[in-house]
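Below is one structure, written out as structure tokens; comments come after it.
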Amino acid sequence: MESFSYQDGQLFAESVALTDIAQAVGSPVFVYSRGEIEQRWRDYDEAFGGRNHLICYAVKANSNLAVLALLAKLGSGFDIVSIGELERVLRAGGDPKKIIFSGVAKTEAEMRRALEVGIHCFNIESVNELDQLNGVAESMGRVAPVSVRVNPDVDANTHPYIATGLKESKFGIAIEQASDVYARASQMGGIRITGVDCHIGSQLTEIEPFLEALDRTLELVGDLQDQGVTLEHIDIGGGLGISYYDEQPPRPEEFILAMMDRFQDMGSRYQNMQFIIEPGRSIVGNAGVLLAKIEYLKKTEVRNFAIVDTAMNDLMRPALYDAWHEIVPVIKNEYGNSQIYDVVGPVCESGDFLGRGRELDIREGDLLAVCSVGAYGSVMSSNYNSRPRAAEVMVSGDAWHIIRKRENMDDLMRGESLLPD
Ligand code: LLP
């Protein structure tokens, strides 16, 4: 959260006081730092040095058009999982030739559109999907560039909902079966084999599982070469974690350097391959906060509740994964009345909490900032309890812009209709 800091007891994003934004836009509101997003992307890019690489930002982490446009301007590629993400990237000015299409259930229509715009690669996750893609490409007179997403069976030591590289997972093709899939693909008129891909999970805080996955994948690349299949790229997925509490994940540059070292050690036969990564969280995660106003302080026999105007519909991570997000006051007041609070929202579920057991010195009407919500925050929000989605704002130096308007009542009911009489 390097771009968020207190100045004279007031929380700022870059050079803008967060109270100014809340006053103008209301709450809840997601506020992002442009500088932080750009810096994290550059950290990755610079760490690669002269090596042939492509950073494909994982759009699912934060798909706001303004975020995508910033990254497109830096020259980023994009990792998408749906036609919706594809259209967003195109609208934001992303280069289709730098798009990777991941996901276990690409539909025929999605394949068609991606072939039409000429994406960099499809990451294939099953033989049936490969067959379907071949059929679609042939029917269009095109050839689809393909990577096989292998499942290297590596334990990522992360929350089970976001671990993807184990045998039990629905993702990828078991690495032992990959050679057969490549052999099949090489016979297909609508398919051109270009690479190999894996992604073992998200919010990883150690390098070791990545290196293990890389080793196993490179071993496969070597075997394939022996069989006459030469790959142009290796895609190691995303997944590098960020610090929410006291985690100390490697920084992007350390992570890339460790991977590059291992790559180097494997010998010259891999040296010309393009190295692709698909980071999401580690680029945008710490670049966002969610501002909430305290509506009521409520004391029960066993708990103090700070009831705020944001909820699980805006930020689902605490309810879904029991995730921890730091919660801090936007103005550090010293009322001399520090208490332990559960910070909760208005949604009618006991799972509707932003944080539990937090020590805060607060009053009704104060603003709180829920930290590290730049990734998987707004994108996972919903209208549950008929709550309009929050606004989103991007700060850049001493300027700020609304990059998504707060939904109004018409937005809330758009597309719905009454039955005819
Ligand atoms: N590539 C693939 C194929 C993925 O499935 C994912 C994330 C990424 C890249 C980006 O991973 P990242 O660098 O952001 O860790 N909603 C969960 C996270 C789900 C991640 C899904 N896949 C959360 O809030 O923690």
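The values are calculated or read from the model by the stated rules, or taken from the named source; none is laboratory data. Values in this document were obtained by computation on a predicted structure and should not be read as measured data. In this analysis, Cβ positions are derived from the backbone assuming ideal geometry, glycine residues included, and neighbour counts consider all displayed protein chains. These accessible areas exclude ligands, DNA and RNA; they are computed on the full protein's heavy atoms, side chains included. Shrake-Rupley method; radii C 1.70, N 1.55, O 1.52, S 1.80 Å.
Of the residues making up the stretch 305-324, those that are free of Cβ contacts under 8 Å to residues at least 60 places away in the same chain and either on the phi < 0 side of the Ramachandran plot or near the ligand (Cβ under 10 Å from one of its atoms) (or both) number 4.
Taking the stretch 102-130 on its own, how many of its residues are outside any helix (DSSP H, G or I) and among the charged types (D, E, K, R)? Talk me through it step by step, then tell me what you get.
Applying the first criterion (outside any helix (DSSP H, G or I)) to the stretch 102-130 yields 102-107, 118-126.
From what is left, the residues that are among the charged types (D, E, K, R) are 106, 125.
Here the count works out to 2.
Restricting attention to the stretch 199-220, the residues that are open to solvent by less than 30 Å² (accessible area, probe 1.4 Å) and within 9 Å of the ligand (Cβ to nearest atom) add up to 4. Looking across the stretch 342-351, the residues that are more than 16 Å from the ligand (Cβ to nearest atom), surrounded by fewer than 20 Cβ atoms within 10 Å (Cβ to Cβ) and not in a strand (DSSP E or B) come down to Pro346, Val347, Cys348, Glu349, Ser350.
Among the residues of the stretch 329-339, none qualifies, meaning not one is under 16 Å from Ser350 (Cβ atoms) and either touching a residue at least 40 places away in the same chain (Cβ under 8 Å) or within 16 Å of the ligand (Cβ to nearest atom) (or both).
Any chance the stretch 133-149 includes a residue that's over 29 Å from Gly94 (Cα atoms), modelled with pLDDT of 95 or more and not in a strand (DSSP E or B)? The answer is no; no qualifying residue exists. Among the residues in the stretch 258-269, are any surrounded by 15 or more Cβ atoms within 10 Å (Cβ to Cβ), touching a residue at least 12 places away in the same chain (Cβ under 8 Å), small (Gly, Ala, Ser) and out of contact with any strand residue (DSSP E or B) (no Cβ under 6 Å at 6 or more places or on another chain)? There is at least one residue in the stretch 258-269 that is surrounded by 15 or more Cβ atoms within 10 Å (Cβ to Cβ), touching a residue at least 12 places away in the same chain (Cβ under 8 Å), small (Gly, Ala, Ser) and out of contact with any strand residue (DSSP E or B) (no Cβ under 6 Å at 6 or more places or on another chain).
Which ones in the stretch 172-207 are under 17 Å from the mean Cα position of the chain (by Cα) and either of a type in the set (A, V, I, L, M, F, W, C) or part of a strand (DSSP E or B) (or both)?
We begin by selecting, within the stretch 172-207, every residue under 17 Å from the mean Cα position of the chain (by Cα); these are 198-205.
Of everything in the stretch 172-207, those that are under 17 Å from the mean Cα position of the chain (by Cα) and either of a type in the set (A, V, I, L, M, F, W, C) or part of a strand (DSSP E or B) (or both) turn out to be Cys198, Ile200, Gly201, Leu204.
Can you tell me which residue is nearest to Glu247 (Cα to Cα) among those in the stretch 289-341 that are among the basic types (Lys, Arg) and assigned to a strand (DSSP E or B)?
Here is the first cut: in the stretch 289-341, the residues among the basic types (Lys, Arg) are 293, 298-299, 303, 317, 332.
Add one more test, that the residue is assigned to a strand (DSSP E or B), and what stays is 293, 298-299.
Details: Lys293: 28, Lys298: 32, Lys299: 32 Å.
Checked the stretch 289-341; the qualifying residue nearest to Glu247 (Cα to Cα) is Lys293.
The set of residues in the stretch 125-162 being small (Gly, Ala, Ser) and within 12 Å of the ligand (Cβ to nearest atom) consists of Ser147, Ala156.
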